[in-house]
Amino acid sequence: MSYSIEQRDEQLLQSTADIMYTVGFEDASRHLVTVTITVSKVTTEEVTLVMPSWAPGSYKIRDFAGHQGNVEAWIVNNGVRTKAPLRWRDKASLVISTRGATAIEVTYVVYCNERTVRTNHVNRFHASIMPVATMMYVEGRTNEIHHVVLLRDAKQWPHISTALSPVSSDGRTFGALNYDVLADSPIEIGSHTVRMFNVLGVRHELALCGNHQVDADWLVAQLVTIVETEARLFEGIPYDRYVFIVWVYPGIGGGLEHGRSSVNAVDPSTLLDKAKTLDLLSLLCHEYFHLWNIKRIRPDVLGPFDYTKETLTPMLWLAEGLTSYYDDLLTYRCGFSTEREYLDILGKDHITRLMRVPGRFRMSVRDSSSLAWLKLYMQSPDANNRFPSYYLKGGVVCLLLDVYILDHTDGKRSLDDALRALWARYKENPAIGMSEQECIAIMERGCGVQFRDVLMGWLSGTEELPYDAILAHVGLTLQMNTRTAEAISFGENRAFASTSPSPFTGMMVREESGRLLVKMVEEGSPAWLAGVAVDDEIVAVDQRRVTSVALLDQYLSEPPGASHQITAQCDGRLYETQITPTSVQTWKLINVANPTTRQKELRAIWLKR
């Protein structure tokens, strides 16, 4: 089966299609869209339409057909429409009897009221359409050109931002060379802010959506830097046009990659805080990096896709782990963070977070990848104790691999060279992905180092990773820090008070109408040893009622290191236990004492901009 997500706008201009979708928004205020699919040149007695069950890049069965309704079908002969019999072959597959007709039409509505990067959200003010969650495909005809007609009110919604290619000058008809490109091309329609800009002679678009004031020109300037920086890594860009869709709405986050676009979601508070703004820039680096790594450089089972069922692979360490390592590294290379800030991010956001995952001793990265459909996207409250995220541990493994390559080549090669070798392999044979064995072999050839056994040991094992042994090559060592009391002063540094550090109990607690409910307990932590469990309610500390997380932390920290009597409730019954909090521990990358010239040189090569 052939597979391609490559498309240039010129290929669709003035094209024709025998599969066409017409999307209407007359009930947008009720979160509904109407979809009509017209299929021409029918030569079979039956036509089967299938609604995908998952979105590539988000490994969870979502059963998009669950939001579909009012399905009707017609056969068309010489322009005459006749109601056609239909039957559901399974939960997402519709079979229409053609009765000799050469064309059919199917109409349905889709309920669109879930604002995430992988689903639809439509209301009176805008429409965010994910084609993979909206448009059924014609079984056996996915490699044909597909057209989409968007019937919106151009006065109310003046802008359409999408990687789908314009077919004509009517401003409403767009095309894809095949269904995979269609499914992979989100559509944003509304009165959002649009900025067009050129980088390296290629057209780019920022579609900035939301009701909050954001400096679009500032964001464009950062995007230019991101594009230029990542294009240098891969020695060019593989598209003729790219769309950055950025949502700024309360309570959202995350991103999803596409072949010529990305969707990036942030809370408005993100742009009011330096650290959070850095997170946004890292997210943009991450999703843009994916246009090479995973959309094109990919495991062999991830394209062509089976949209109806889980597609298992142990290689999400490559897809997401490698990308998670590079997103912060590229943020640094873009100049968005200093060297010290980048090293602190590696310590705090990568290594410290991994150290707080007991599940890293229970399951390997490769297994957590294969089980992503259940373990990452359908996590239980106990998940942290049972498996490590292939994003998090995969990223740390790639950090160590980069330093390992630098050491074994005296700084002449790095993980960059392995990436460029993978990119060259894609360009040689874009229709076929790679097996894990082939992937590692290509990476080894690219950097001239044999590391298969070492890498597979890290990816398949559950032992602690050899941080100091590897990081010493760039003059770094891992230091554990314990938070201490912090002094509070006013005026000319006049002493006022001191605050105890937040106590570490290993439990996460949420406030709910004045109640404190346990949502997670880390295995081996003080709360775990005290017998506290998920969904227990923390009622009192040392016979003092607690109704907020702040009050709980205050009581548990007075005095530091002391044991406390906890009164808790489980299933309507009170119980008491003792808990002894410890200090919060973090890990930081610091310089080794008296670094050698070689360590300094390798560090400089690793962190060269």
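The values are calculated or read from the model by the stated rules, or taken from the named source; none is laboratory data. Please read these numbers as outputs of a predicted model, since none were measured by experiment. Every residue, glycine as well, gets a Cβ built from its backbone with ideal geometry; the counts of neighbours run over all protein chains shown.
Things to note:
- Residue check, residue 383 among the aliphatic types (A, V, I, L, M), surrounded by 22 or more Cβ atoms within 10 Å (Cβ to Cβ) and on the phi < 0 side of the Ramachandran plot: no
- Verdict on residue 191 being over 21 Å from residue 288 (Cβ atoms) and more than 20 Å from the chain's Cα centre (by Cα): yes
- For residue 558, the criteria (1) surrounded by 12 or more Cβ atoms within 10 Å (Cβ to Cβ); (2) under 28 Å from residue 359 (Cα atoms); (3) at pLDDT below 95 hold in every case but one, which is (2).
- Applying a threshold of 9 Å to beta carbon distances and a minimum spacing of six or more residues, or different chains, the list of pairs starting in region 521-535 at a residue that is assigned by TED's automatic domain parsing to the domain that holds residue 576 and ending at one that is of a type in the set (Lys, Arg) and outside any loop (DSSP other than H, G, I, E, B) reads 534/519; 535/519.
- Check on residue 291, in a loop (DSSP other than H, G, I, E, B), hydrophobic (A, V, I, L, M, F, W, C) and in contact with a His (Cβ under 8 Å, 6 or more places away or on another chain): yes
- The sole residue among 572, 514, 524 that is modelled with pLDDT of 95 or more and more than 30 Å from residue 468 (Cα to Cα) is 572.
- Test: residue in region 457-469 that is at pLDDT below 95 and either assigned by TED's automatic domain parsing to the domain that holds residue 410 or more than 20 Å from residue 405 (Cβ to Cβ) (or both): no
- Of the candidates 251, 259, 255, the single residue that is at pLDDT below 95, of a type in the set (Gly, Ala, Ser) and either farther than 18 Å from residue 326 by Cβ or in contact with a Leu (Cβ under 7 Å, 6 or more places away or on another chain) (or both) is 251.
- Test: residue in region 198-206 that is within 22 Å of residue 332 (Cα to Cα), surrounded by fewer than 19 Cβ atoms within 10 Å (Cβ to Cβ) and either at pLDDT below 95 or among the hydrophobic types (A, V, I, L, M, F, W, C) (or both): yes
- Boolean, residue 533 is of a type in the set (Gly, Ala, Ser), under 32 Å from the mean Cα position of the chain (by Cα), modelled with pLDDT of 95 or more and within 30 Å of residue 565 (Cα to Cα): yes
- Restricting region 143-164 to residues that are outside any loop (DSSP other than H, G, I, E, B) and among the aliphatic types (A, V, I, L, M), the residue that is surrounded by the most Cβ atoms within 10 Å (Cβ to Cβ) is 148.
- So residue 171, is it more than 21 Å from the chain's Cα centre (by Cα), modelled with pLDDT under 95 and under 27 Å from residue 51 (Cα atoms): yes
Okay, residues lined up against (1) in contact with a helix residue (DSSP H, G or I) (Cβ under 8 Å, 6 or more places away or on another chain); (2) at pLDDT below 95; (3) outside the structural domain of residue 445 (by TED's automatic domain parsing):
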residue	(1), (2), (3)
336	yes, no, no
347	no, no, no
380	no, yes, no
388	yes, no, no
399	yes, no, no
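- Residue identified as small (Gly, Ala, Ser) and not assigned by TED's automatic domain parsing to the domain that holds residue 147 among 15, 2: 2
- Residue in region 298-320 that is hydrophobic (A, V, I, L, M, F, W, C), under 15 Å from the mean Cα position of the chain (by Cα), more than 29 Å from residue 219 (Cα to Cα) and outside any loop (DSSP other than H, G, I, E, B) present: yes
- Taking region 26-50 as the range and being out of contact with any strand residue (DSSP E or B) (no Cβ under 8 Å at 6 or more places or on another chain) and either farther than 20 Å from residue 99 by Cα or surrounded by 14 or more Cβ atoms within 10 Å (Cβ to Cβ) (or both) as the test, only 30 passes.
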